[in-house]
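Single-structure report; data block below.
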Amino acid sequence: MALVHKLLNGTYIRRKCLKPSVASLYRCCPFLSTRFADYCSSSLQRPSVPASGKAASQRKTEGSMEGQHQREVALDITSPEDKPEVSFDKAIKEEIKDHLRRLKNDVVNHWRGPEGRPLHEVLLEQAKVVWRFRGKEDLDKWIVTSDKTIGGRSEAFLKMGKNNQSALLYGTLSSEAPKDGESGRSGYCAMISKVPRGPFEIKKSYDWSQFNTLYLRVRGDGRPWMVNIREDMDIIQRKDQMYSYFMFTRGGPYWQEVKIPFSKFFFSNQGRIRDAQYQLLLDKISSIGFTLADKVDGPFFLEIDFIGVFTDPAHTEEFAYENSPELNPRLFK
């Protein structure tokens with residue numbers, strides 16, 4: 001009966017229910033921690049008794065710290081009503097607006113001149129940097145691939161170089177053929193630029209018709225690379241047709257400047273040089289790539305500072321190969 005009397009009067013609760021810790025209560029139930037702590041601090045505490053100045057200041061400091069912690073906890077609690085609104089229709093509208101804005105900019109730039117610049121500036125331009133590597137957004141314009149796609153063991157990676165001033169292509173080359181019973185050879189790694197896209201994902205191309213030489217600043221390990229240029233593909237042309245030429249790296253710690261005239265690029269299909277050679281159309285360039293396939297197993301690296309084009313006044317050759325239907329039609333009768 002005495003216990004029932006204490007429960008009814010509340011003295012048993014006030015004596016046994018200690019003031020809860022907000023941190024421990026937040027770990028158990030974060031949503032109710034602040035409210036329950038306020039309830040316990042307001043209704044279950046004993047009446048305050050005047051104390052000494054030191055004890056009073058200590059309790060005041062503890063109270064302020066606890067109140068600050070409660071406010072921080074309250075800020076971290078997210079109400080179910082505060083969930084971000086997700087609208088599929090709104091996302092579609094924003095995407096369409098973005099593409100229309102890009103289309104408007106393309107139309108305006110087209111009337112101004114090539115690439116939005118006056119025509120006389122473009123005609124007087126002697127050199128141009130097309131790809132420069134100064135940040136992660138520049139790496140996102142490239143695709144790295146290897147013979148892993150067909151079951152090979154070669155690996156290739158692309159990252160920013162020292163001080164974010166270049167791109168470093170590195171990995172391991174393995175000429176071991178995949179054990180699938182179909183592929184008889186393997187061992188290649190490649191780095192290919194993405195095809196530029198306009199509004200509504202329309203394919204665009206580069207116009208290098210006023211230049212005659214490809215210009216690169218690279219640093220390699222002495223391996224020979226193949227530089228591949230692809231034209232803008234149409235319905236007739238197959239995707240594995242490209243124009244290629246060799247690039248020989250010296251190795252060592254020094255940079256080298258590579259200049260390759262466009263007239264030297266030969267026409268190939270699936271890695272094989274074609275008998276009939278055609279001239280590269282410089283106003284319809286879609287992408288450029290670098291391929292390593294020298295059949296030397298082991299690690300490799302190629303560091304690229306920039307890739308550009310320029311006009312070499314000393315180079316007057318239009319096409320370097322005689323077995324062309326345009327130059328020697330009698331060879332193809």
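The values are calculated or read from the model by the stated rules, or taken from the named source; none is laboratory data. Model, not experiment: these values are computed from the prediction. Cβ coordinates were reconstructed from backbone atoms using ideal geometry, including for glycine residues, and neighbour counts include every protein chain displayed. Surface areas here come from the heavy atoms of the whole protein model, side chains and all, with no ligands, DNA or RNA. Shrake-Rupley method; radii C 1.70, N 1.55, O 1.52, S 1.80 Å.
For the reader, a short list of remarks on this structure follows.
- Taking 7 Å steps out from each Cα toward its Cβ at residue 141 and residue 221 produces label points 2.7 nm apart.
- Given charges at beta-carbon only (K, R positive; D, E negative), |dipole| of the range 162-232 in Debye: 320
- Of 179/264; 194/264; 128/295; 97/136; 97/203, pairs whose Cα-Cα distance is over 31 Å: 179/264; 128/295
- Magnitude of the charge dipole, the range 174-333, Cβ model with Lys/Arg +1 and Asp/Glu -1, debye to 20: 180
- Near residue 255: Cβ cut-off under 11 Å, other residues only, Lys/Arg at +1 and Asp/Glu at -1. The net charge is 0.
- A 1.4 Å probe, protein heavy atoms only, puts the accessible area of residue 275 near 130 Å².
- Ranked by solvent-accessible area (1.4 Å probe, protein heavy atoms only, all chains present), the residues 303, 201 order from largest to smallest as 201, 303.
- The overall shape of the range 176-333, judged from the alpha-carbon gyration tensor, is rounded, with an a/c ratio under 1.5.
- Accessible area (Å², 1.4 Å probe, nearest 10) - residue 274: 110
- Projecting label points 7 angstrom from Cα along Cα→Cβ for residue 94 and residue 274 puts them 4.6 nm apart.
- In this simple spin-label approximation, residue 194 and residue 319 carry label points 7 Å from Cα along the Cα→Cβ vector, and these lie 3.5 nm apart.
- For the set 159, 179, solvent exposure ranked by accessible area (probe 1.4 Å, protein chains only) runs largest to smallest as 179, 159.
- Heavy-atom accessible area ranking, 1.4 Å probe, most first, across 128, 259: 259, 128
- Accessible surface for the range 142-193, divided over its residues, is 55 Å² per residue with a 1.4 Å probe.
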